[in-house]
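S.K.: Handing you this structure, nothing more for now.
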Amino acid sequence: MGNGDHSTTSQTKDRTHSDRQPGRLATVAFIWLLVTVLAEITVAAIEWQPFAASREATISDDAFNLLMVLATPVFTFVIVVGGYALLRDRHRGDDADGPPIRTSRAFIATWLVVTTVLSVVVIITPGFTGLDELRAEPEADLVIDVRAERWSWAYRYADSGVETQGNLMLPINRRVLFRISSTDVIHSFWIPAFRIKKDAVPGQITTTMVTPRKLGSFDNQEEMRVQCAELCGVGHARMFTGVTVVEQDEFDAWLAAAGG
Amino acid sequence: MTIVRGVVAGAVGYVLGAALIMAIRAASGAAAWEVESVTAGAWLFALTGWLLGVGVWRYWARPWFGRPADTYTTTGWRRYFDFDTDHKVIGVQYLITFLTMFFMAGLFAMLMRYELMGVGEDILNSDQYNSIMSLHGTMMVFVAVAATVGAFGNYVLPIMIGADDMAYPKLNALSFWLVPPVLVALTASFLLGGYDTGWTGYAPLSVKNDVGGLFFNLAFFSLGLSSIVGALNIIVTVITMRARGMTWFRLPIFVWSIFVTAILSLIFTQFVGLAMLLVILDRTAGTVFFDPASGGQPLLYQNVFWFYSHPAVYIMILPAFGITLEMVSHFSRKPLFAYRWAVGGLLGIMGMSSVVWAHHMFTSGMAEALRKPFLASTELISIPTGFIFLSALGTLWLGRIRYTVPMLFALGVLFNFLIGGLTGVFLADVPVDIQLQDTYFVVAHFHYVILGGGIFALFGAIYYWFPKMTGRMMNNRLGKVHFWWMMVGFNATFLPMFILGLQGMNRRIADYTPGLESANRAVSMGGFFLGTSFVIFLANFIWSWVKGPPAPDNPWGARTLEWQIPSPPPHENFEIPPIVLADPYGYGEPGSVHADLGGNGRSESLEEGVQA
């Protein structure tokens, strides 16, 4: 494929270009390597994610960071190759056309192999591996029923029957299962610091799990909040409550005081 | 006059339809008047009346009843306000209509960015913000879906394939005249208090909201009708109206992109029509498709909606790919590199676009088992998309690149879409998407694709084909100023939005937590800068249309057919049907000729030797 009807014409005219090709390719490859190394160093130096406070956050952030590492050379390749051509191959006054290169078996084959391999790699990791990791610990220590309605969150600790509104209290290092429901329209139960999100759908119980790994609360970290992430009407923006993660004994005391 | 006739007939249609619905309601024991039920039913009658009044009756339907059709006699500028069947008139009608919609939606964006400059409510309360945001999204999606295909698919495509018009000129006019009712419905929605669902209109919120929501459904439904009719016309035109010798692999890549887009549009638009219809029925007819208390299923809406709306993303971006590759070849003065791979990329995207929709629903509560297949299909669609970059880079390489204004926009598309595409790879990854779904990371991503890709290509296409359409040149220097202003403004606005999303700002909110304020202020400043760039464009566009220097037939030295005929083209486009001898990309190939347009005596051997 790719070869037009004219591949043999005009060989003499672009011989000069063909002769220059190896040098150009080496130059571009060198620039690309250099730019990629610099870009990877920069990417690695930047803190992309906000406060991370759960096992799930580590999985999600690792996936993001790995994709950054993989996407950077692709980005720099297009920028360097395209940029090099844009600077070096600009029109210089004469009316001549460029060389009629319609195809290059080597370039297309390489492109196909590299893009296919890259796609399959990101499917496997961080894609499938990340998903498997997320689902690796299905046993819950604590079950909380989350009820969303316009425009508030209500929580019920299933074992003790304690019901609260407002701040969500959680013990550190315990596996929590959220069973999420909605009484009116679709909402979404999102805790940015935990990197978990699941819609609250009327007529349906959805679930998500998390293991908090850090102490903290909304007062110290804005990401420690339950935020509605699905447009639900006029109160949507302010449909959030704080999340507080405490030590187990402190949590037990709080639960007892709350009537558990 | 035409429009007055249409409005009157539309009003008569509304009254007739309303009377019918009210009679049915009264007969079934309900109160006769209920604004939503009556309006939803009457809309179809009003739409029919409008179309009949605006020209369908006089120029088209009268012969069905044994009467002669009226002779179309309108000339001059009045043709743009009439039921004109010339594809070039219709192309201009589409362009101006959707540019108007684009600038209105852009003003809404400016309002949103003003509101979001600081914590708390400033000029809009949450209700107003939701309405403005919803209208901005809806109108911009309509523009992205219909502007390029409607304007240039109509104006340029028939000339590029050597045809004298579209296959069904009357149907073509009908598809355009379905658009003004869309504007009426959107305006009605705005005046009646708007709607709060965004352009996605998720049920059950969209079933429960105020009457403005109904007009959103009617607008989307009507635009869908227009899209389906227009797509059918384009498909038939490309299949049946190609000039002799215009084989499939001699088609300009822009024609391929519009053809593939039309196939997507024809297949999938009905699904969004269905989604809208189900919501309308739930609102007005007592059905319970999305009411779980009665056995309905809210996720049904999302599945049907995204079954259209993901392919719709490709309806928005494939024409941009076609325009970009067209520019890159003509302005690099080189054949389009790996032409057949580029076509294969377009077809590959088309084929895969129907199996990726659930990546919009990873956090929706759909079955967990579906996550892996949709993750995989979404990542794989980057392979055919990559062919577009393969073709563009290969064409630029060793070219004689001319930095014309349309070429700058094409290069802008490549840069912006590169970022839009790569961030799509992140969002397809479920562990990452769980965090970033419904945040500003998504907002930034789709603006890089739709605005940075689709709309940049639309403006490139305007600069490129303006001389052909108007017979006048646009000002080159102002064009370059506009490009760089828009390019810098665009990236200054939307690059920080990725950071906002990562920092935990969710989308569609009028207010946010204090930690996000400084980044939001920066985004707003970028947004205002981007917004003002269009003042330059408008000044250039309007001034050049009226007073620009006359354009030569082929100001760009391009080889496709539309540049081989006068600017603007005569009514029938070509004096005699052209005969195509090779593809239009034979730059640097001695003796290569795209087509023989007759004129100085076409040789008989040519007439005989070319197969149609």
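The values are calculated or read from the model by the stated rules, or taken from the named source; none is laboratory data. From a predicted model like this one, the values you see are computed outputs, not experimental measurements. Cβ sites come from the backbone with ideal geometry, for glycine too, and all protein chains shown count toward neighbours.
Conditions (1) basic (Lys, Arg); (2) buried (at least 21 other Cβ atoms within 10 Å of the Cβ); (3) touching a helix residue (DSSP H, G or I) at 6+ places or on another chain (Cβ under 6 Å), marked per residue:
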position: B:114; (1), (2), (3): no, no, no
position: B:121; (1), (2), (3): no, no, no
position: B:128; (1), (2), (3): no, no, no
position: B:136; (1), (2), (3): no, yes, yes
position: B:142; (1), (2), (3): no, yes, yes
position: B:147; (1), (2), (3): no, yes, yes
position: B:192; (1), (2), (3): no, no, yes
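S.K.: Name the single residue that is surrounded by the most Cβ atoms within 10 Å (Cβ to Cβ) among those in region A:191-207 being within 18 Å of the chain's Cα centre (by Cα) and more than 7 Å from every other protein chain (Cβ to nearest Cβ).
M.R.: Among those residues, the one meeting the criterion is A:194.
S.K.: Now for a separate question. Among the numbered criteria (1) within 30 Å of residue B:335 (Cα to Cα); (2) at pLDDT 95 or above; (3) exposed (fewer than 13 other Cβ atoms within 10 Å of the Cβ), which single criterion is violated by residue A:16?
M.R.: The number of the failed condition is (2).
S.K.: Give B:218, B:251 a once-over and let me know the one that is out of contact with any Leu (no Cβ under 7 Å at 6 or more places or on another chain), touching a residue at least 40 places away in the same chain (Cβ under 8 Å) and more than 18 Å from residue B:36 (Cβ to Cβ). Outline the logic, then answer.
M.R.: Values: B:218 fails: more than 18 Å from residue B:36 (Cβ to Cβ).
It is B:251.
S.K.: From the list A:74, A:80, A:121, A:114, which residue is more than 8 Å from every other protein chain (Cβ to nearest Cβ), assigned to a helix (DSSP H, G or I) and under 21 Å from residue A:42 (Cα atoms)? Before the answer, list the steps.
M.R.: Values: A:74 fails: more than 8 Å from every other protein chain (Cβ to nearest Cβ); A:121 fails: under 21 Å from residue A:42 (Cα atoms); A:114 fails: under 21 Å from residue A:42 (Cα atoms).
Answer to the selection: A:80.
S.K.: Which residue is farthest from residue B:252 (Cα to Cα), if the candidates are limited to region B:546-591 and must be within 27 Å of the chain's Cα centre (by Cα) and part of a helix (DSSP H, G or I)?
M.R.: Looking at the filtered set, the residue picked out is B:546.
S.K.: Restricting region A:84-111 to residues that are part of a loop (DSSP other than H, G, I, E, B) and touching a strand residue (DSSP E or B) at 6+ places or on another chain (Cβ under 9 Å), which is surrounded by the most Cβ atoms within 10 Å (Cβ to Cβ)?
M.R.: Quick first cut of region A:84-111, residues part of a loop (DSSP other than H, G, I, E, B) only: A:89, A:91-104.
Now drop any that are not touching a strand residue (DSSP E or B) at 6+ places or on another chain (Cβ under 9 Å), which leaves A:89, A:91, A:98.
Working: A:89: 20, A:91: 17, A:98: 24.
Per the stated criteria, the residue is A:98.
S.K.: Might you let me know whether region A:124-131 holds any residue that is assigned by TED's automatic domain parsing to the domain that holds residue A:58, over 29 Å from residue A:205 (Cβ atoms), in contact with a Leu (Cβ under 9 Å, 6 or more places away or on another chain) and not charged (D, E, K, R)?
M.R.: yes
S.K.: Going through region B:162-188 one residue at a time, which ones are at negative phi, surrounded by 23 or more Cβ atoms within 10 Å (Cβ to Cβ) and in a loop (DSSP other than H, G, I, E, B)?
M.R.: Within region B:162-188, B:163, B:166 qualify.
S.K.: Just for helices (runs of 4 or more DSSP H) wholly inside region B:398-483: which have at least 2 residues that are more than 14 Å from chain A (Cβ to nearest Cβ), in contact with a Lys or Arg (Cβ under 7 Å, 6 or more places away or on another chain) and modelled with pLDDT of 95 or more? It would help to see each step written out before you state the result.
M.R.: On the way: elements: B:405-428, B:430-436, B:440-449, B:456-470.
Filter on region B:398-483 gives an empty set.
S.K.: Which of the numbered conditions does residue B:463 fail, given that it passes all the others? Conditions: (1) in contact with a helix residue (DSSP H, G or I) (Cβ under 7 Å, 6 or more places away or on another chain); (2) closer than 28 Å to residue B:97 by Cβ; (3) surrounded by fewer than 23 Cβ atoms within 10 Å (Cβ to Cβ); (4) among the hydroxyl-bearing types (Ser, Thr, Tyr).
M.R.: Single failed check for residue B:463: (3).
S.K.: What are the residue pairs meeting all of these: first residue in region B:347-375, first residue in the same structural domain as residue B:262 (by TED's automatic domain parsing), second residue surrounded by fewer than 16 Cβ atoms within 10 Å (Cβ to Cβ) and assigned to a helix (DSSP H, G or I), Cβ atoms under 7 Å, and 6 or more apart or on different chains?
M.R.: B:358/B:370
S.K.: Any residue at all in region A:62-85 that is over 24 Å from residue B:418 (Cβ atoms) and either touching a residue at least 24 places away in the same chain (Cβ under 8 Å) or not assigned by TED's automatic domain parsing to the domain that holds residue A:192 (or both)? Even if it seems obvious, please write down each step before you answer.
M.R.: Our first condition is that a residue be over 24 Å from residue B:418 (Cβ atoms); within region A:62-85, this holds for A:62.
Checking which are either touching a residue at least 24 places away in the same chain (Cβ under 8 Å) or not assigned by TED's automatic domain parsing to the domain that holds residue A:192 (or both) leaves us with A:62.
Yes, region A:62-85 contains at least one residue that is over 24 Å from residue B:418 (Cβ atoms) and either touching a residue at least 24 places away in the same chain (Cβ under 8 Å) or not assigned by TED's automatic domain parsing to the domain that holds residue A:192 (or both).
S.K.: Just one of the numbered conditions (1) closer than 21 Å to residue A:171 by Cβ; (2) in contact with a strand residue (DSSP E or B) (Cβ under 6 Å, 6 or more places away or on another chain) is not true of residue A:252; which one?
M.R.: Failed condition: (2).
S.K.: Quick test of your reading of the structure: residue B:75 fulfils all but one of (1) within 17 Å of residue B:149 (Cα to Cα); (2) free of Cβ contacts under 8 Å to residues at least 40 places away in the same chain; (3) among the β-branched types (Val, Ile, Thr). Name the failing condition by number.
M.R.: Unmet for residue B:75, out of (1) within 17 Å of residue B:149 (Cα to Cα); (2) free of Cβ contacts under 8 Å to residues at least 40 places away in the same chain; (3) among the β-branched types (Val, Ile, Thr): (1).
S.K.: Still on this structure, I have one more. Which of the numbered conditions does residue A:173 fail, given that it passes all the others? Conditions: (1) closer than 30 Å to residue B:134 by Cα; (2) not in a strand (DSSP E or B).
M.R.: (1)
S.K.: Please pick out the residue among A:226, A:234, A:246 that is out of contact with any Lys or Arg (no Cβ under 7 Å at 6 or more places or on another chain) and more than 14 Å from every other protein chain (Cβ to nearest Cβ).
M.R.: Numbers: A:226 fails: more than 14 Å from every other protein chain (Cβ to nearest Cβ); A:234 fails: more than 14 Å from every other protein chain (Cβ to nearest Cβ).
Of the residues listed, the single one that is out of contact with any Lys or Arg (no Cβ under 7 Å at 6 or more places or on another chain) and more than 14 Å from every other protein chain (Cβ to nearest Cβ) is A:246.
S.K.: Report, by residue number, each residue of region B:342-366 that is more than 21 Å from the chain's Cα centre (by Cα) and more than 11 Å from chain A (Cβ to nearest Cβ).
M.R.: Within region B:342-366, B:355, B:358, B:359 qualify.
S.K.: If residue B:275 passes every condition in (1) assigned to a helix (DSSP H, G or I); (2) small (Gly, Ala, Ser); (3) within 14 Å of chain A (Cβ to nearest Cβ) but one, which one does it miss?
M.R.: (3)
S.K.: Can you pull out every residue in region B:425-437 that is touching a residue at least 40 places away in the same chain (Cβ under 8 Å) and either of a type in the set (A, V, I, L, M) or surrounded by fewer than 24 Cβ atoms within 10 Å (Cβ to Cβ) (or both)? Spell out how you get there, then give the answer.
M.R.: Applying the first criterion (touching a residue at least 40 places away in the same chain (Cβ under 8 Å)) to region B:425-437 yields B:425, B:427-430, B:433-434, B:436-437.
B:425, B:427, B:428, B:430, B:434, B:436 - these are the residues of region B:425-437 that are touching a residue at least 40 places away in the same chain (Cβ under 8 Å) and either of a type in the set (A, V, I, L, M) or surrounded by fewer than 24 Cβ atoms within 10 Å (Cβ to Cβ) (or both).
S.K.: Of B:509, B:565, which residue is surrounded by 18 or more Cβ atoms within 10 Å (Cβ to Cβ) and within 14 Å of another protein chain (Cβ to nearest Cβ)? So that I can check it myself, show each step before the final result.
M.R.: Working: B:565 fails: within 14 Å of another protein chain (Cβ to nearest Cβ).
Sole residue among the options that is surrounded by 18 or more Cβ atoms within 10 Å (Cβ to Cβ) and within 14 Å of another protein chain (Cβ to nearest Cβ): B:509.
S.K.: I've got another one for you. Within 18 Å of the chain's Cα centre (by Cα), part of a helix (DSSP H, G or I) and either farther than 24 Å from residue B:357 by Cβ or among the β-branched types (Val, Ile, Thr) (or both), is that true of residue B:236?
M.R.: Against the criterion (within 18 Å of the chain's Cα centre (by Cα), part of a helix (DSSP H, G or I) and either farther than 24 Å from residue B:357 by Cβ or among the β-branched types (Val, Ile, Thr) (or both)), residue B:236 does not qualify.
S.K.: Related question: Go through region B:75-89 and count every residue that is under 18 Å from residue B:58 (Cα atoms) and touching a helix residue (DSSP H, G or I) at 6+ places or on another chain (Cβ under 8 Å). Outline the logic, then answer.
M.R.: Restricting attention to region B:75-89, the residues satisfying the condition of being under 18 Å from residue B:58 (Cα atoms) are B:75, B:78-86.
Filter again for touching a helix residue (DSSP H, G or I) at 6+ places or on another chain (Cβ under 8 Å), leaving B:79-86.
Final tally of qualifying residues: 8.
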